[in-house]
Amino acid sequence: MGTCVVTGSAGDIGGATCRALRAAGHRTVGIDLAPSPEADLSLTLDLMDEDALAQAMAQAGPLDGLACIAGTHAMGRVTDQPWEDFRRVLRVNSGGTMLAMKHAAPHLRNGGAIVLMGSVSAHIATDGSVAYHTSKGAVIGLMRAASGEFAPRGIRVNAVSPGWVDTGFTNRALALLPDGEAIRERAKAAHILNRMARPGEVAEAIAFLLSDAASFITGEELFVDGGFMRRK
Amino acid sequence: MRVAVVTGAAGDIGAATARAFADAGHALVLLDRHAAVLPQGAGGLALSCDLSDPAAVAATFAAIAARFPRIDALANIAGINHRAPVCEMRIEDWDRMMDVNVGAMFLTCKHAIPLMTGKAPAIVNMASISGHVASPDYPAYVATKAAVESFTWALSGEVGPEIRVNAVAPGWVAAGFTRAALKTGADPAALQARAKAAHLLGRMAEPSEVAAAIVWLASPKASFVTGETLFVDGGLMRVH
Ligand SMILES: NC(=O)c1ccc[n+]([C@@H]2O[C@H](COP(=O)([O-])OP(=O)(O)OC[C@H]3O[C@@H](n4cnc5c(N)ncnc54)[C@H](O)[C@@H]3O)[C@@H](O)[C@H]2O)c1
Ligand SMILES: NC(=O)c1ccc[n+]([C@@H]2O[C@H](COP(=O)([O-])OP(=O)(O)OC[C@H]3O[C@@H](n4cnc5c(N)ncnc54)[C@H](O)[C@@H]3O)[C@@H](O)[C@H]2O)c1
């Protein structure tokens, strides 16, 4: 089995995705601002640096798959968020995803697959994360648009949308809030499965969508949310 | 060994799903109105049953429980179709559609859930893109497939966190009446051309591709997926 590029591979979900893909027999190339210990080859760069990104994709070699997992977050509301914060979140989450696809495209084999990182945040909202919600809505639109663009090459494009995942990303976001621990308990109860996802559970869904077992799935958003969207 | 119950197992998608569960190491219980055949090398049993008949389903699950005290996966695939515009449809035909496509699923869930006591049990129901689009002349089919999804969501809340419940929604599949039309219809080439235009991937699905999604959703690898409809539609919903 061939090579898959994973962006955000130094993070919890990206690291777990490298592990799942390696277990399925893939070679993994990680792209992140920080080194990626779980990847076979770790390339450290900023997704916003197009030249470095193009070079990294060429170095990664012929590709079977691409998982665009890198993401970031900033607190802020419409009325108080600094424009620069808003732009940064959109640039990384949707812009970085767009650029990763753009520069992976020449190296992806026909019949390969791409998975983007959505979120239930594209569909529901909590106050104070305007940029994040906006960026994840954009990722889902981007996924649908790209699924048509890549279809003639037999390249499938899908997204996974987690609910809460038990990661450093979540812990850092909760730490910014005065009532973080109470929110964590409510967050668990917001899922039918009564807990947050483990990073490995999101990774398995990504690995499935990248695999031939998903050969007729494209343009689809797979919720890996423990029933979050169904619980009101 | 995990035990998988597959309904509609004498049909094309059901048979492919039985094969895929067997390949993933399951013992099988195959249910259909017609005689289903265990795939080569697979263990288990095949029982004939009209799954829309409450007494027959109860008796069938008593027979299953006598052989397998535990069920790990239930795939509700049995289904029928009926073509008739609303103003020409008889209530008897409407009722039959509901009894089979929705009622049979309800009955098998009702009897299987008490047996789903093992590690990571899961149910997968058969929805369709038809539950989401205007299909002229198929109002009952559309309504039953939408009902399959709503039932899936309701049940996921009822039996979670212990049991996961999901649905698959295929586009066109080279199976059942679609396959019959390909084999014996007036113009199979025109049908293939319509399938090509309808799906981003330029073709209809093979039954095995739907089966692979069902088996994944039923597996412990999908341990955080519940209350979800997975479209296995080659991008059909995304085309307009
Ligand atoms: N943790 C959750 O609850 C949760 C829920 C839903 C979706 N997600 C999404 O999952 C993805 C990964 O989340 P995580 O929890 O593993 O977070 P994480 O912070 O552990 O990982 C994100 C990684 O992206 C990298 N990254 C950020 N900006 C980058 C850039 N410009 N160039 C290169 N790399 C960059 C970071 O260095 C980091 O390693 C994100 O897209 C996030 O939005 C997370
Ligand atoms: N073929 C397609 O294009 C397509 C697309 C989307 C969804 N589906 C759905 O997939 C499922 C399987 O369809 P298929 O294409 O394999 O068709 P099929 O006709 O080959 O299989 C259906 C099976 O269900 C069985 N069945 C029907 N009523 C029953 C009853 N009362 N009791 C027991 N068994 C009964 C039939 O005997 C048959 O073996 C159906 O639910 C169908 O609606 C099919």
Filter result for the condition that a residue is in contact with a Ser or Thr (Cβ under 7 Å, 6 or more places away or on another chain), within 11 Å of ligand 1 (Cβ to nearest atom) and touching a residue at least 60 places away in the same chain (Cβ under 8 Å), over A:147, A:161: A:161
The listed residue being on the phi > 0 side of the Ramachandran plot and either within 14 Å of chain A (Cβ to nearest Cβ) or within 12 Å of ligand 2 (Cβ to nearest atom) (or both), out of B:14, B:8, B:103, B:44: B:8
Verdict on residue A:208 being free of Cβ contacts under 8 Å to residues at least 60 places away in the same chain, within 16 Å of ligand 2 (Cβ to nearest atom) and in contact with a Lys or Arg (Cβ under 9 Å, 6 or more places away or on another chain): no
Selection status of residue A:120, of a type in the set (A, V, I, L, M) and within 16 Å of the chain's Cα centre (by Cα): yes
Matching option when the condition is at pLDDT 95 or above, within 16 Å of ligand 1 (Cβ to nearest atom) and not in a loop (DSSP other than H, G, I, E, B), among A:47, A:43: A:43
Helices (runs of 4 or more DSSP H) fully within the range A:79-158 counting 3 or more residues that are within 14 Å of chain B (Cβ to nearest Cβ): A:130-150
The listed residue being facing chain A (nearest Cβ under 7 Å), at negative phi and touching a residue at least 60 places away in the same chain (Cβ under 8 Å), out of B:149, B:228, B:209: B:228
Residue in the range B:134-154 that is within 16 Å of ligand 1 (Cβ to nearest atom) and of a type in the set (Phe, Trp, Tyr) present: no
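Do you know which residues across the range B:1-10 are modelled with pLDDT of 95 or more, over 14 Å from residue B:215 (Cβ atoms) and surrounded by fewer than 23 Cβ atoms within 10 Å (Cβ to Cβ)?
Residue satisfying the conditions is B:10 alone.
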Enumeration of residues in the range A:182-232 that are part of a helix (DSSP H, G or I), within 16 Å of ligand 1 (Cβ to nearest atom) and not hydrophobic (A, V, I, L, M, F, W, C): A:184, A:185, A:186, A:188, A:199, A:200, A:201, A:204
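Would you mind stating whether residue A:218 is more than 25 Å from residue B:152 (Cα to Cα), more than 16 Å from ligand 2 (Cβ to nearest atom), touching a helix residue (DSSP H, G or I) at 6+ places or on another chain (Cβ under 9 Å) and hydroxyl-bearing (Ser, Thr, Tyr)?
Working: more than 25 Å from residue B:152 (Cα to Cα): no; more than 16 Å from ligand 2 (Cβ to nearest atom): yes; touching a helix residue (DSSP H, G or I) at 6+ places or on another chain (Cβ under 9 Å): yes; hydroxyl-bearing (Ser, Thr, Tyr): yes.
It is false that residue A:218 is more than 25 Å from residue B:152 (Cα to Cα), more than 16 Å from ligand 2 (Cβ to nearest atom), touching a helix residue (DSSP H, G or I) at 6+ places or on another chain (Cβ under 9 Å) and hydroxyl-bearing (Ser, Thr, Tyr).
The values are calculated or read from the model by the stated rules, or taken from the named source; none is laboratory data. Here the structure is a predicted model, which means the values were calculated and not measured. All Cβ positions, glycine included, derive from the backbone under ideal geometry; neighbour counts span all protein chains shown.
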